[in-house]
Amino acid sequence: MRFLRALFVWIFMLALLAGVGLGAGWVWFNNAISSPGPLAEERVIEVLPGETLTAVAARLEAEGVISDARLMRMKARLDKTELAIKSGEYLIEPGTSLGKVLSILIEGRSILYSITLREGLTTGQMLRLIEKHEHLTGDLPEEPPEGSLLPDTYMFHKGMTRADLIQKMRDAQAKVIEELWPARQEGLPFDTPEEAVILASIVEKETGKPDERDEVAGLFIGRMKKGMRLESDPTIIYGVSRGEPLYNAKGQRRPILLSEKNRVTDWNTYQMDGLPKTPIANPGREAIAAVLNPPKTDYVFFVAECKDGKITGDHVFSQTYAQHQRAVAEYRACANREIARERGGSN
């Protein structure tokens, strides 16, 4: 009996010591993964697609981001997250603990980049911006139709393909049309969403002033209902250069020529009734909304405003042709003076 009691006491003591040791080990492990890491300055790290946790942990230890790759692997194994890290770029702050670094990689809180594609750009102009963005990958797809991309600022992770971004823009434009078309005003002088986008693209090109979009849309809707031609200068330019700025032989910006105004194209609304063949740019949500629910207006004409001898970017709206002619004369005189000043300054 004494022997059994002694044996029991020794087994109990060994179990107690093992438990104490295990508990101490667990405390040490948690302290090790939650203590400040060795990184002295913030650093961007990258996890490549398909890269394993073992490879990432070894690299992070070698680069001084974490203190021990084995601890990171052990933590992931215990949490069953060895396969859960996500590719991308990550900003790691100085002193970030090993556990926090692993959490960042698992949650996928990678750096976001942005590209801004403003309203009124043609598809070709948007594609050039997308092509040269350094954080997008892959080749450009076949050029989408004019007017099919929604202008906006898009956020993305490094490595997003150009084709995926363009598809995202097309999907966003389709979603806007799907949302706005059913709530359109009755009695509009067009029948399809495609025609709405065409008119919205003209409105977008005619004014860069957000507070003028509704007025311009209402004016164009009124002209169409009266059977008048739209007579929009940007439609002339699109027929000449697909929306690129016009230059003379010396490489200087120039106005539209009379011969171009009289040229018959699929877009020149001075020479055709109704809407052009296609949009002339990519309109934003606000321009589309403006043509689908335009305000009623008595204005029939408008031209760029000249104030204090300078073209302001605003417009002068007129109800009669006589008023419009006076505004046009003032604009032309103003534009000629600005062109003369620019050319004089370049000599």
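Only Cα pairs under 8 Å and 6+ residues apart enter the sum, and on that basis the relative contact order of the range 167-253 stands at 18 percent. Per residue, the range 103-142 exposes 54 Å² of solvent-accessible protein surface, assessed with a 1.4 angstrom probe and all protein chains in place.
What pairs in LYS168/LYS261; LYS205/LYS310; LYS226/LYS261 have C-alpha atoms more than 26 Å from each other? Long pairs (Cα-Cα over 26 Å): LYS168/LYS261. Ellipsoid fit via the Cα gyration tensor, the chain: semi-axes of 67, 23, 17 Å, each the root of five times an eigenvalue, largest first. When only alpha carbons are used to place a centre, the range 255-282 and the range 296-336 end up 20 Å from one another.
Excluding the sites themselves, what is the longest stretch of the chain that contains no trypsin sites (Lys or Arg not before Pro) in a DSSP loop with at most 10 other C-beta atoms within 10 Å? In short, 81-225. Pairs of alpha carbons in the range 121-213 separated by more than 21 Å make up 40% of all such pairs. Which percent of the accessible heavy-atom area of the chain goes to carbon and sulfur, probe 1.4 angstrom? The nonpolar share, carbon plus sulfur, comes to 54 percent. Over the residues of the chain, the helix contribution to mean residue ellipticity at 222 nm works out to -15500 deg cm²/dmol, using -39500 (n - 2.57) for each DSSP H run of at least 4. In this structure the amide hydrogen of THR161, modeled in the peptide plane, comes within under 5 Å of the amide hydrogens of THR137, none closer than 5 places in sequence on its chain.
The values are calculated or read from the model by the stated rules, or taken from the named source; none is laboratory data. Just so it is clear, the structure is predicted and the values come from calculations on it, not from any experiment. All Cβ positions, glycine included, derive from the backbone under ideal geometry; neighbour counts span all protein chains shown. Surface accessibility is based on the protein's heavy atoms, side chains included, excluding ligands, DNA and RNA. Shrake-Rupley method; radii C 1.70, N 1.55, O 1.52, S 1.80 Å.
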